[in-house]
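Below: one structure, written as structure tokens.
The values are calculated or read from the model by the stated rules, or taken from the named source; none is laboratory data. All values reported here derive from a predicted model rather than from experimental measurement. Quick reminder, even Gly has a Cβ in these numbers, built from the backbone with ideal geometry, and neighbours come from all protein chains shown. Accessible surface areas use protein heavy atoms only, side chains included; no ligands, DNA or RNA. Shrake-Rupley method; radii C 1.70, N 1.55, O 1.52, S 1.80 Å.
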Amino acid sequence: MKKRKKLIQWLFEKSESIYTRYFKKNTPWSLTKSDLLTYEKHTFGFHLGQFLEDNGFDLIPKVERHDAYHVLTGYSTTVEDEIAQQYLCLGNGKRSSYLFGVVILGTFLLPDYLGHYLRSYQIGKKANTFHNLDFRQLLNASYLDVRSCIFSTSQINTLKTYHHA
């Protein structure tokens, strides 16, 4: 399984720059991790900055929303959680070639986590629509308010329960 995870990680790394360069048309946020960490501690922006800091990442221009999804869902950056997060987004109505590629390849290469993927899909399906939100406009909003507007309390508890498993 380690080799399959490494293969998927390598595919993520190689496809990221191609996808952002040729397929993503949105405008970059022009913010840094340091900028986000200046937001008040209760805000979505601060939590996003803290996620980046904790994982040693910086925002990737044009795909900032992806890291916002991590903050929203609480999913880690493990390969299996990256795939599960795409399933959650699929359940929520998001459609993109990248998402379909991750779901198909991830399911094929890591079928051991199918239960995790399907639970994630169901959470996304039942959650309020978030895949199309402009998270840049929510950076000053309360993290807890944003999360509770999208997920029910039981969904949040479920996300907390198994997303790091």
Could you order 29, 10 so the one with the most accessible surface comes first? Probe is 1.4 Å. 10, 29
Solvent-accessible area of residue 103 with every protein chain in place, 1.4 Å probe, in Å² to the nearest 10: 20 Å²
State the number of lysine pairs found in the chain whose Cα atoms come within less than 14 Å, restricting to pairs 8 or more positions apart or on distinct chains. 6
Ranked from the most accessible area to the least, with a 1.4 Å probe and all protein chains present, what is the order of 12, 100, 151? 100, 12, 151
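Could you rank 118, 11, 139 by how accessible they are, 1.4 Å probe, largest area first?
Working: 118 90, 11 60, 139 0 Å².
The ranking, largest first, comes out as 118, 11, 139.
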Taking amide H atoms as placed 1.01 Å from N in the peptide plane, list the residues 5 or more away in sequence, or in a different chain, whose amide H sits under 5 Å from that of residue 43. 143
Please work out the FRET efficiency for the pair residue 112 and residue 153, using the Cβ-Cβ distance as r and a Förster radius of 30 Å; give the result to the nearest 0.05. 0.50
Between residue 40 and residue 144, what is the label-to-label distance in nm when each label sits 7 Å out along the Cα-to-Cβ direction? 1.3 nm
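Can you compute the helix-only [θ] at 222 nm over the chain? Use -39500 (n - 2.57) per DSSP H run of at least 4 residues, normalise by all residues, nearest 500 deg cm²/dmol.
Details: 9 runs with 104 residues, N = 165.
Helix contribution divided over all residues of the chain: -19500 deg cm²/dmol.
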